[in-house]
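Below: one structure, written as structure tokens.
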Amino acid sequence: MNIAFPPIDEEYLKKKVDMGFYGNITEVVRDAVRRMRELEERRKLEELRLLLAIGLDQAEQGELLQYKPSLLDNLLDQARENSKQGKIVKNAIKPS
């Protein structure tokens, strides 16, 4: 895989190596990708915690749903649609 960087980024990467933070530019890029993955995982965990807090709040208010086999599929479909639209999943389905 070959990656081309603009001159300003290439200079930045070279400085990191020259300063001794990394052995070569490949190590810099690997570290950057690892950090991006970690950040994405932290964001997913934060979102999950938020959604769990919403669910617990709904349960405490008696907003519970009886489980049906199609319930999880419907909830996931609705959550995906809300996510595409940038909405937070909150009170998505009212108890029947």
A careful count of residues in the range 25-79 that are under 30 Å from residue 15 (Cβ atoms), surrounded by 12 or more Cβ atoms within 10 Å (Cβ to Cβ) and β-branched (Val, Ile, Thr) gives 4
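Out of the residues in the range 68-96 that are among the aliphatic types (A, V, I, L, M) and outside any helix (DSSP H, G or I), which is modelled with the highest pLDDT? Break it down into steps so the answer makes sense when it comes.
Taking the range 68-96 first, the residues among the aliphatic types (A, V, I, L, M) are 71-72, 75-76, 79, 88-89, 92-93.
Among the residues that remain, those that are also outside any helix (DSSP H, G or I) are: 88-89, 92-93.
On the way: 88: 71, 89: 60, 92: 50, 93: 52.
If we take residues in the range 68-96 being among the aliphatic types (A, V, I, L, M) and outside any helix (DSSP H, G or I), then 88 is modelled with the highest pLDDT.
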Result of the Cβ filter at 6 Å on the range 43-67, keeping first residues that are assigned to a helix (DSSP H, G or I) and partners that are surrounded by 10 or more Cβ atoms within 10 Å (Cβ to Cβ) and of a type in the set (Lys, Arg), at least 6 apart or interchain, is 54/90
When residue 58 is run through (1) in the same structural domain as residue 88 (by TED's automatic domain parsing); (2) within 25 Å of residue 88 (Cβ to Cβ), the failure sits at (1)
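The values are calculated or read from the model by the stated rules, or taken from the named source; none is laboratory data. All values reported here derive from a predicted model rather than from experimental measurement. All Cβ positions, glycine included, derive from the backbone under ideal geometry; neighbour counts span all protein chains shown.
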